[in-house]
1. Could you tell me which of the residues Val154, Val141 is out of contact with any Gly (no Cβ under 6 Å at 6 or more places or on another chain), part of a helix (DSSP H, G or I) and at pLDDT below 90?
2. For the condition under 27 Å from Lys121 (Cβ atoms) and either of a type in the set (Lys, Arg) or touching a strand residue (DSSP E or B) at 6+ places or on another chain (Cβ under 7 Å) (or both), what is the one hit in Arg16, Arg44, Arg95?
3. Could you check how many residues of region 33-53 are touching a Gly at 6+ places or on another chain (Cβ under 9 Å) and closer than 17 Å to Val75 by Cα?
4. Give the residue, chosen from Glu117, Glu92, Glu108, that is open to solvent by less than 50 Å² (accessible area, probe 1.4 Å), at pLDDT 90 or above and within 30 Å of Gln69 (Cα to Cα).
5. So which residues in region 54-75 are without any contact (Cβ under 8 Å) to a residue 40 or more places away in the chain and within 18 Å of Ala113 (Cβ to Cβ)?
6. Taking Tyr40 as meeting all but one of (1) aromatic (Phe, Trp, Tyr); (2) over 26 Å from the mean Cα position of the chain (by Cα); (3) surrounded by 10 or more Cβ atoms within 10 Å (Cβ to Cβ), write down the number of the exception.
7. Among the residues of region 50-68, is any modelled with pLDDT of 95 or more, in a loop (DSSP other than H, G, I, E, B) and open to solvent by 80 Å² or more (accessible area, probe 1.4 Å)?
8. Can you tell me which of (1) open to solvent by 40 Å² or more (accessible area, probe 1.4 Å); (2) without any contact (Cβ under 8 Å) to a residue 12 or more places away in the chain; (3) part of a loop (DSSP other than H, G, I, E, B) is the one Asp78 doesn't meet?
Amino acid sequence: LSKHALTWWKAFRRQRHHKGALSWREFKAAIRKQFYPVGYLEERWFKWYRLIQSYNQSVQDYTSEFSNQGMALDVDLDEYTIYMKYVSGLHEYIRKELKMFSVKSIAEASKKASAIEGRLKKHETKGSKGKFGATSSTDEVKDVGRSKSKEGLVCTHCKQT
């Protein structure tokens with residue numbers, strides 16, 4: 001600690017001197033109470049509770065974000081309920097396949113989920129159906145239901161530009 005934080009810490013220790021040693025958890029709570037902006041922790045918790053793997057986010061990126069947010073909130077990432085939160089935030093197609101394995105930790109689930117994701121991407125690049133039933137050919141997907149005219153793209157169903 002330095003400057004203002006060090007001054008605060010010295011005063012804090014003098015006030016608590018008769019109460020004995022401070023645990024790491026108590027120290028972090030005191031620091032947060034003193035220096036975090038009003039509402040900061042609440043926002044972090046809201047963000048944590050809403051955390052899911054976004055559409056184009058890899059399993060590895062989701063796992064990193066999940067771990068970072070959990071550590072910032074001092075969440076025990078080894079708890080079963082936290083593991084279940086992690087798994088529930090994964091894409092549905094990954095969750096469904098992950099059920100076939102007996103994994104009980106975030107580290108194990110992350111490895112299996114990354115393998116599932118990698119296997120799926122490999123199949124999509126070969127032109128087979130992807131996770132949403134569309135072929136991987138970009139042009140083919142873009143032009144489904146549309147034909148070209150002088151004005152641009154036209155819907156083949158309603159003939160509107």
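The values are calculated or read from the model by the stated rules, or taken from the named source; none is laboratory data. The structure presented is a predicted model; accordingly, all values stated were derived computationally and were not measured. Glycine gets a Cβ as well: all are built from the backbone with ideal geometry, and neighbour counts include every protein chain shown. Surface accessibility is based on the protein's heavy atoms, side chains included, excluding ligands, DNA and RNA. Shrake-Rupley method; radii C 1.70, N 1.55, O 1.52, S 1.80 Å.
1. Details: Val154 fails: part of a helix (DSSP H, G or I).
Within the list Val154, Val141, the selection yields Val141.
2. Matching residue, one of Arg16, Arg44, Arg95: Arg95.
3. Residues flagged as touching a Gly at 6+ places or on another chain (Cβ under 9 Å) and closer than 17 Å to Val75 by Cα within region 33-53 amount to 3.
4. Working: Glu92 fails: open to solvent by less than 50 Å² (accessible area, probe 1.4 Å); Glu108 fails: open to solvent by less than 50 Å² (accessible area, probe 1.4 Å).
Exactly one of Glu117, Glu92, Glu108 is open to solvent by less than 50 Å² (accessible area, probe 1.4 Å), at pLDDT 90 or above and within 30 Å of Gln69 (Cα to Cα), namely Glu117.
5. Ser54, Tyr55, Asn56, Gln57, Asp61, Tyr62, Ser64, Glu65, Ser67, Asn68, Gln69, Gly70
6. Every condition holds for Tyr40 apart from (2).
7. yes
8. Failing condition for Asp78: (2).
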